[in-house]
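Asks: Handing you this structure, nothing more for now.
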Amino acid sequence: MNDFEGEQLDLEYPCHWEYRVIGADLPTLERAVQSVMADKPYTCKPGNTSEGGRWCTLVVSLEVVDEGERVGLYRALQARDDIKIVL
């Protein structure tokens with residue numbers, strides 16, 4: 001999966017950011033997100049579920065202070081085995 005390495009978005013920091021994480025079930029996704037975010041304030045809400053119910057989405061919202069934090073959190077979420085896709 002391409003994480004657009006080397007490309008930088010034109011954002012003004014700090015800014016509100018959302019990640020969508022996809023996995024097998026919401027409780028597992030919530031625990032995975034919690035382990036990555038540690039003490040960083042964030043909110044989660046359920047997103048879409050696949051038609052067959054095999055995959056679900058959790059929308060993670062937070063304020064990021066700079067590009068390094070935004071990309072670092074993306075990579076940390078992506079590195080989790082219990083998270084299949086990060087958007």
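The values are calculated or read from the model by the stated rules, or taken from the named source; none is laboratory data. Not measured: the values here are computed from a predicted model. FYI the Cβ positions are ideal-geometry reconstructions off the backbone, even for glycines, and counts take in every protein chain you see.
Asks: Against the definition (modelled with pLDDT of 95 or more, part of a helix (DSSP H, G or I), in contact with a Lys or Arg (Cβ under 9 Å, 6 or more places away or on another chain) and not small (Gly, Ala, Ser)), how does Val21 come out, yes or no? Before the answer, list the steps.
Replies: Numbers: modelled with pLDDT of 95 or more: yes; part of a helix (DSSP H, G or I): no; in contact with a Lys or Arg (Cβ under 9 Å, 6 or more places away or on another chain): yes; not small (Gly, Ala, Ser): yes.
So Val21 fails the test.
Asks: Looking at the range 63-72 only, could you name the residues that are surrounded by 11 or more Cβ atoms within 10 Å (Cβ to Cβ) and either closer than 14 Å to Leu87 by Cα or not hydrophobic (A, V, I, L, M, F, W, C) (or both)?
Replies: Correct list: Glu63, Asp66, Glu67, Glu69, Arg70, Val71, Gly72.
Asks: How about the range 50-62: which of its residues are assigned to a strand (DSSP E or B) and exposed (fewer than 11 other Cβ atoms within 10 Å of the Cβ)?
Replies: Result: no residue meets the conditions.
Asks: Just to verify a result, which residue in the range 22-42, among those that are without any contact (Cβ under 8 Å) to a residue 24 or more places away in the chain and within 11 Å of the chain's Cα centre (by Cα), is surrounded by the fewest Cβ atoms within 10 Å (Cβ to Cβ)?
Replies: Top of the filtered list is Gln34.
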